[in-house]
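The block underneath contains the structure these notes are about, expressed in structure tokens.
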Amino acid sequence: MADSLLDPQEVEAFARGLWVLATADGEAHPSEQALIREFLADTGNTVSWEQATAPDFGPSDVAIQLESTFLRRVFMKAAVALVHADGVYTDNERRVIGEFAEAFGLSHTEFGELEQAAKMVDLTAAE
């Protein structure tokens, strides 16, 4: 179990927000599920899979839990990397990521920069 720099509420917000994205097109792709599970394991927190995948959570809920600009930027990078995990970035995923960017108060320029940085993340090591 690793030491986490995130408190349990932040871990839950990350996981649940990523789950919202993973299910934007219906069911989450196995590679997206694996990344969320790996995140939960790596944080060393006690947030369960059932908590992470609970319904009725959205971008504004994540914004409330992730108050700092730093955490919001990290979340957005993780979100962009997640939606690319299955090799397909759909219109629904773009719409939901846009909702997160809006909830976080990111400008189009800031979001574009984060998106470009996240696209450079190599997720093959996570598989």
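Starting from region 110-127, take each residue that is closer than 14 Å to residue 73 by Cα and modelled with pLDDT under 60 and list its partners that are of a type in the set (Phe, Trp, Tyr) and assigned to a helix (DSSP H, G or I), counting only C-beta distances under 6 angstrom and pairs at least six apart or across chains.
Qualifying pairs under 6 Å: none.
List, please: which pairs have Cβ atoms under 6 Å, are six or more places apart or on different chains, and start with a residue in region 3-22 that is farther than 13 Å from residue 63 by Cα and end with one that is among the small types (Gly, Ala, Ser) and not in a helix (DSSP H, G or I)?
So the pair list comes out as 4/44; 22/28.
Can residue 44 be described as within 13 Å of the chain's Cα centre (by Cα) and touching a residue at least 12 places away in the same chain (Cβ under 8 Å)?
For residue 44, the condition - within 13 Å of the chain's Cα centre (by Cα) and touching a residue at least 12 places away in the same chain (Cβ under 8 Å) - is not met.
Kindly indicate whether residue 56 is under 27 Å from residue 110 (Cα atoms), charged (D, E, K, R) and surrounded by fewer than 19 Cβ atoms within 10 Å (Cβ to Cβ).
Answer is no for this residue.
Just to check your reading of the model, which residue among 110, 50, 115, 99 is out of contact with any Ser or Thr (no Cβ under 6 Å at 6 or more places or on another chain) and more than 18 Å from residue 22 (Cβ to Cβ)?
The match here is 110.
The values are calculated or read from the model by the stated rules, or taken from the named source; none is laboratory data. The structure displayed is predicted, hence computed values, not measured ones. Methodologically, a virtual Cβ is constructed for each residue, glycine included, from the backbone with ideal geometry; neighbour enumeration extends over all protein chains shown.
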